[in-house]
Amino acid sequence: MIETERLILKPLTHDQLLKYIKDDQSLEQEFGLLPTRKNISPSLREALEQTILPNVFDKDKDYLYHTLWTIISKPDNRMVGDICFVGEPDQNGEIEIGYGTDEEFRGRGFMTEAIGRLIEWAREQPKVKSIFAATTKDNVASYTILEKNNFIHIGEVDDMLSWKIELK
């Protein structure tokens, strides 16, 4: 778990991920939070079931790089979004992140703050040298968050933009 002034970023265990998918407020109850209705996209549900859960369950893998990190707003006492890594650092020390803010909490700077703190955490990890992210060209809010956190636009393919920040 890592924190900022307003946020708690909590990596979810296998059992917590199962509660997250159920979306029956049992996860919020476990954390002592107010209920939040999650809108789990089909692509996130597929990633959870086919990749994230099996990797988190695998004791040979560092679950911090495979699980969802839920973002909790301290003032709201609610989960407001999620961040995940797309696996452990590769041979070049690069990790990829994906993220999303629940619609009712967008525009309040939560994700900018969360990614900023996650960058600080990643800098402390010996094997991590850079972070990669991809956004669609039309998702201005998403890539603005990256720009505010000093990510550099490094390329594009079709409707996707690639972003990177060097840590070491």
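The values are calculated or read from the model by the stated rules, or taken from the named source; none is laboratory data. Just so it is clear, the model here is predicted, and its values are computed rather than measured. Methodologically, a virtual Cβ is constructed for each residue, glycine included, from the backbone with ideal geometry; neighbour enumeration extends over all protein chains shown. SASA here: full protein model, heavy atoms, side chains in, ligands and nucleic acids out. Shrake-Rupley method; radii C 1.70, N 1.55, O 1.52, S 1.80 Å.
Suppose the filter is open to solvent by less than 30 Å² (accessible area, probe 1.4 Å) and more than 26 Å from E124 (Cα to Cα); does D15 pass it? Write out each step before concluding.
Values: open to solvent by less than 30 Å² (accessible area, probe 1.4 Å): no; more than 26 Å from E124 (Cα to Cα): yes.
Judged against the criteria, D15 is not a match.
Please name all residue pairs, on different chains or six or more residues apart, with Cβ atoms under 8 Å, provided the first residue is in the range 39-65 and is in contact (Cβ under 8 Å) with a residue 24 or more places away in the chain and the second residue is open to solvent by 90 Å² or more (accessible area, probe 1.4 Å).
N39/E103
Any residue at all in the range 71-87 that's crowded, with 16+ Cβ neighbours inside 10 Å, among the small types (G, A, S) and either over 23 Å from R45 (Cα atoms) or modelled with pLDDT of 95 or more (or both)?
Restricting attention to the range 71-87, the residues satisfying the condition of being crowded, with 16+ Cβ neighbours inside 10 Å are 71-73, 76, 78-86.
Filter once more, keeping what is among the small types (G, A, S): 73, 81.
From the residues that got through so far, the ones that are either over 23 Å from R45 (Cα atoms) or modelled with pLDDT of 95 or more (or both) too are 73, 81.
Checked against the condition, which is being crowded, with 16+ Cβ neighbours inside 10 Å, among the small types (G, A, S) and either over 23 Å from R45 (Cα atoms) or modelled with pLDDT of 95 or more (or both), the range 71-87 yields at least one hit.
Condition check ((1) within 19 Å of K10 (Cβ to Cβ); (2) not charged (D, E, K, R)) across all residues:
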{"site": "I97", "(1), (2)": "yes, yes"}
{"site": "T112", "(1), (2)": "yes, yes"}
{"site": "R117", "(1), (2)": "yes, no"}
{"site": "P126", "(1), (2)": "no, yes"}
{"site": "I131", "(1), (2)": "no, yes"}
{"site": "D138", "(1), (2)": "no, no"}
{"site": "N150", "(1), (2)": "no, yes"}
{"site": "H153", "(1), (2)": "no, yes"}
{"site": "L161", "(1), (2)": "no, yes"}
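Give all pairs with beta carbons closer than 6 Å in which a residue from the range 129-157 that is closer than 16 Å to L118 by Cα meets a residue that is among the aromatic types (F, W, Y); count only pairs at least 6 apart in sequence or on separate chains.
A133/W163; L146/W163; F151/W163
Go through the range 46-55 and report how many residues are under 12 Å from V86 (Cα atoms) and in contact with a Leu (Cβ under 8 Å, 6 or more places away or on another chain).
As a first pass, look at the range 46-55 and keep what is under 12 Å from V86 (Cα atoms): 47-48, 51-52, 55.
Within this subset, residues satisfying the condition of being in contact with a Leu (Cβ under 8 Å, 6 or more places away or on another chain) are 48, 52.
Residues meeting the conditions: 2.
Step by step: first the residues of the range 20-46, then only those that are farther than 24 Å from I115 by Cα and assigned to a helix (DSSP H, G or I), then the one that is modelled with the lowest pLDDT. Which residue is that?
Applying the filter and picking the extreme gives K22.
Picking from G93, G109, which residue would you name as being closer than 22 Å to E147 by Cα, open to solvent by less than 20 Å² (accessible area, probe 1.4 Å), modelled with pLDDT of 95 or more and small (G, A, S)? Walk me through it before giving the result.
Numbers: G109 fails: open to solvent by less than 20 Å² (accessible area, probe 1.4 Å).
Of the residues listed, the single one that is closer than 22 Å to E147 by Cα, open to solvent by less than 20 Å² (accessible area, probe 1.4 Å), modelled with pLDDT of 95 or more and small (G, A, S) is G93.
Would it be correct to say that L161 is under 13 Å from the mean Cα position of the chain (by Cα), within 26 Å of R45 (Cβ to Cβ) and crowded, with 18+ Cβ neighbours inside 10 Å?
Values: under 13 Å from the mean Cα position of the chain (by Cα): no; within 26 Å of R45 (Cβ to Cβ): yes; crowded, with 18+ Cβ neighbours inside 10 Å: yes.
No, not satisfied.
Does the range 37-47 contain at least one residue that is of a type in the set (D, E) and surrounded by 13 or more Cβ atoms within 10 Å (Cβ to Cβ)?
Looking only at the range 37-47, we keep the residues that are of a type in the set (D, E), and these are 46.
From what is left, the residues that are surrounded by 13 or more Cβ atoms within 10 Å (Cβ to Cβ) are none.
No, the range 37-47 has no match at all.
Under the condition of being touching an Asp or Glu at 6+ places or on another chain (Cβ under 6 Å) and polar (S, T, N, Q), which residue from the range 128-158 is surrounded by the fewest Cβ atoms within 10 Å (Cβ to Cβ)?
First pass over the range 128-158, keeping only residues touching an Asp or Glu at 6+ places or on another chain (Cβ under 6 Å): 130, 132, 136-137.
Keeping just the survivors that are polar (S, T, N, Q) gives 130, 136.
Details: S130: 18, T136: 12.
The selected residue is T136.
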